[in-house]
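Working notes, beginning with the structure itself.
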Amino acid sequence: MLKKYLIAPGPTPVPEKVLLEMAKPVIHHRTSEFEAVFAEVADGLKKVFNTKQDVLMLAGSGTAAMEAAVINTLNPGDTVLVINAGKFGQRWRDICKTFDINVSTIDMDWGCSVKPAQVEEFLISYPETKAVLLQGSETSTTAYHPVEEIAKLIKPKDDTLFIVDGITSIGVHETKFDEWGIDIAVTGSQKAFMLPPGLSFICLSEKAWKFVEESTIPRYYLDLRKEKIAQAKATTAYTPTLSLINGLKVVLDMFFEEGLENVYIRHAVNGEATRAALQAHGFKLLAEAPSNAATGFYLPESIDGGKFVKFMREQIGVTYAGGQDHLKGKIMRISHLGYHDTFDTITGISALEMGLVKFGYDLELGKGVAAAQKILKDYIG
Ligand SMILES: Cc1ncc(COP(=O)(O)O)c(C=O)c1O
């Protein structure tokens, strides 16, 4: 038997009770029964985003919500600033370029987080900038970016939007959409929301809705104006991802039962324990300001990261994530995201140690596990 463990930053494991809820027979969506679920879930999402605005649900993975953010608020010829600090920063750039938006970038070394002053200086030089697009947590580098500080910089600017990809930060790091002054935040189901992929969320500020009125980019399925009208009536414009939304109701119940504050603490503690375990072995972390979603670290030079991640998945049963682009083969990423608790961290670290030894790397077994246990022992119980 090879029992499988999913310790990659998305898709993340789905709790049993969520799976069971989603296994129930599908009901028709234009019914009061489904509308009651929809209304409850819509209300719960506002609490996670800390907003009075509607959080719209879209059928599609996180990238659908990213594209919706761009095509509903911007125009060809607009100038935007993209923080290009990894694979998903590049995605913002590519989406904008697809729609003939002029993209300026602040290019960061992978693992570095943008400084608010860099954004401030850019906006002083280019006050016509229509939007600043950022990842809250850049999953490819496992770095967290200063969302709050940048939001506060942009909040007073009526002609500039702050658009945040919160795909691995919302539900991991507390995000105060209204108070901080974020204009658009997006996220997806298969990360902190502990669901299978296929559902994404998008929230717009009043300022962003004004931009929607002026945007001329053609759109049909991802037209947020239609979704806003439909979702105000507790339904979606087109057939919703019924089973995922039913599952989401259970996920939100779990969040509120645990307490959102405790959800963030759980991610923080498991992140800290993972980092301590890796550092106990002398492994260098990739991110200077680490995200609590996942931890990236440099593998020893003698290890081919691509082969090692495949070996761990296929022979040992543990799925981590490798590196992307120029970090392919060099780094590995261990998740502590979503349905992940103390003993998932211990499993991930223990399996890593045993796997490295089996792969021919000499390390002291249990050293990382012990470092993680020292942190986690105060957290359990
Ligand atoms: C930060 C970030 N942005 C965007 C995406 C893309 O989301 P999706 O694969 O759900 O389209 C991901 C997925 O890993 C991500 O982690």
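The values are calculated or read from the model by the stated rules, or taken from the named source; none is laboratory data. Bear in mind the structure is a predicted one, so any value in this text is a computation, not a measurement. Quick reminder, even Gly has a Cβ in these numbers, built from the backbone with ideal geometry, and neighbours come from all protein chains shown.
Being under 23 Å from the mean Cα position of the chain (by Cα), hydrophobic (A, V, I, L, M, F, W, C) and within 23 Å of Ala59 (Cα to Cα) narrows it down to one of Ile184, Ile154, Ile150, so name that one. Can you show your working first?
Values: Ile154 fails: within 23 Å of Ala59 (Cα to Cα); Ile150 fails: within 23 Å of Ala59 (Cα to Cα).
The conditions single out Ile184.
Scanning the range 128-153 for residues that are touching a Leu at 6+ places or on another chain (Cβ under 7 Å), crowded, with 24+ Cβ neighbours inside 10 Å and in a loop (DSSP other than H, G, I, E, B) gives Thr141, Thr142, His145. Restricting the range 63-73 to residues that are more than 12 Å from the ligand (Cβ to nearest atom) and in contact with a Phe, Trp or Tyr (Cβ under 7 Å, 6 or more places away or on another chain) leaves a set whose member that is farthest from Ile163 (Cα to Cα) is Ile71.
Does Ala268 satisfy being free of Cβ contacts under 8 Å to residues at least 40 places away in the same chain, in a helix (DSSP H, G or I) and surrounded by fewer than 22 Cβ atoms within 10 Å (Cβ to Cβ)? Answer is yes for this residue. Is there a residue being within 16 Å of the ligand (Cβ to nearest atom), small (Gly, Ala, Ser) and within 28 Å of Pro218 (Cβ to Cβ) anywhere in the range 32-47? No: zero hits. Can you tell me which of Ala59, Ala69 is surrounded by fewer than 21 Cβ atoms within 10 Å (Cβ to Cβ) and in contact (Cβ under 8 Å) with a residue 12 or more places away in the chain? Step by step, each of Ala59, Ala69 is checked, and only Ala59 is surrounded by fewer than 21 Cβ atoms within 10 Å (Cβ to Cβ) and in contact (Cβ under 8 Å) with a residue 12 or more places away in the chain. Scanning the range 7-31 for residues that are more than 16 Å from the ligand (Cβ to nearest atom) and either within 18 Å of Met57 (Cα to Cα) or among the β-branched types (Val, Ile, Thr) (or both) turns up Val18, Met22, Val26, Ile27, His28, His29, Arg30, Thr31. Is there a residue being within 14 Å of the ligand (Cβ to nearest atom) and modelled with pLDDT of 95 or more anywhere in the range 126-134? Yes, there is a match, as at least one residue in the range 126-134 is within 14 Å of the ligand (Cβ to nearest atom) and modelled with pLDDT of 95 or more. Does Gly60 satisfy being within 21 Å of the chain's Cα centre (by Cα), within 18 Å of Thr235 (Cα to Cα) and more than 16 Å from the ligand (Cβ to nearest atom)? Considered against the rule, which asks whether it is within 21 Å of the chain's Cα centre (by Cα), within 18 Å of Thr235 (Cα to Cα) and more than 16 Å from the ligand (Cβ to nearest atom), Gly60 comes out as no. For the range 294-350, filtered to residues that are assigned to a helix (DSSP H, G or I) and of a type in the set (S, T, N, Q), the residue that is farthest from the chain's Cα centre (by Cα) is Gln315. Would you call Phe193 among the aromatic types (Phe, Trp, Tyr) and away from the ligand (no atom under 16 Å from the Cβ)? No; evaluated as a whole, the condition is false for this residue. Surrounded by fewer than 18 Cβ atoms within 10 Å (Cβ to Cβ), within 16 Å of the ligand (Cβ to nearest atom) and not small (Gly, Ala, Ser): does that describe Pro156? In short, no.
This table checks each residue for (1) in contact with a helix residue (DSSP H, G or I) (Cβ under 9 Å, 6 or more places away or on another chain); (2) within 16 Å of the ligand (Cβ to nearest atom).
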position: Asn50; (1), (2): yes, no
position: Lys97; (1), (2): no, no
position: Asn102; (1), (2): yes, no
position: Val114; (1), (2): yes, yes
